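The values are calculated or read from the model by the stated rules, or taken from the named source; none is laboratory data. Remember, it's a predicted structure, so these values are computed and weren't measured experimentally. Using ideal geometry, Cβ is built from the backbone for each residue, glycine included, and neighbour counts are taken over all protein chains shown. Note: areas computed on protein heavy atoms with side chains; ligands, DNA, RNA excluded. Shrake-Rupley method; radii C 1.70, N 1.55, O 1.52, S 1.80 Å.
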Amino acid sequence: GKSRLLLVLREHIARTAHSWLECRASPLTRNSAYQPFAELLERALGLRPDDAAERKLERLEQSFNAAGFDASETVPLLAPLLTLSLPARWPASHLGPELKRKRTLETLARWLLARAHGQPLVIAFEDLHWADASSLDLLGVLLDQLAGEPVLLVMTARPEFDPPWAERP
C-alpha cells in the first residue's frame, strides 16, 4: 500500500545524505487545524509529552532563533499549535484572525524550507484524504515555494482524494 511505498523510498535513499520529516493525517484529528504539522514540529524539536510547558516554549524559541527567525513573532504564532499558553513575558498578538492564519502558514512553510539548507529534505505526508483544511493550505503554500529548493514532497492519499492544488503546474 501507500505506507509500504514510502518505506521502500526511505530505504532506497538511506545512504544518501538527507533529512526526513514525516507527518500523517488521521480521521481523529481531521477537524484540528495543522495537527499533522504540530506533531511534526514536536518531533523535530525533540519534545516529549511529559516535558513541562516552559521547556517546550524554550525549545520552540531556541530552535526558531537558531534557524534565523524572530522568536518574538514566531513563538506566539506557533505556541497554540502545540497547545501551549504564553507566559506574560510574551507580547499578546494583535493580529486579526486572517492575518494570523496567513503568517502561521508562511512561518511554517519557511521553517520547513529552512530545514533543507545544508542537505536535501524529504517531507512525507501520509493520508491526505483525512487532512484538515489548514494543513492542505500549508501544503499549497509549500508547493508554491518549492521550485529550486532541495526538497522532495511526497504525499499519499486514497484515489478518491481531489487535491485543491491539482491545477497547478
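Taking the stated definitions as given, is P36 in contact with a Ser or Thr (Cβ under 7 Å, 6 or more places away or on another chain), within 30 Å of P159 (Cβ to Cβ) and in contact (Cβ under 8 Å) with a residue 24 or more places away in the chain? Taking the combined requirement at face value, the residue satisfies it. Residues in region 119-162 that are in contact with a Ser or Thr (Cβ under 8 Å, 6 or more places away or on another chain), assigned to a loop (DSSP other than H, G, I, E, B) and open to solvent by 20 Å² or more (accessible area, probe 1.4 Å): Q119, P120, D127. Pairs linking a residue in region 81-93 that is farther than 24 Å from R43 by Cα to a residue that is surrounded by 15 or more Cβ atoms within 10 Å (Cβ to Cβ), with Cβ atoms under 6 Å and 6 or more positions apart or on different chains, are S93/P76. Within region 74-91, the residues that satisfy the criterion of being more than 14 Å from F37 (Cβ to Cβ) and either touching a His at 6+ places or on another chain (Cβ under 6 Å) or part of a loop (DSSP other than H, G, I, E, B) (or both) are L84, S85, L86, P87, A88, R89, W90, P91.
Among the helices (runs of 4 or more DSSP H) confined wholly to region 1-73, which include 1 or more residues that are open to solvent by 80 Å² or more (accessible area, probe 1.4 Å) and small (G, A, S)? By residue number, 53-66. If you go through region 36-54 and keep only what is closer than 21 Å to A109 by Cβ and among the acidic types (D, E), you end up with E39, E42.
Only residues that are without any contact (Cβ under 8 Å) to a residue 24 or more places away in the chain and either part of a helix (DSSP H, G or I) or open to solvent by 60 Å² or more (accessible area, probe 1.4 Å) (or both) were counted across region 94-108, and they come to 6.
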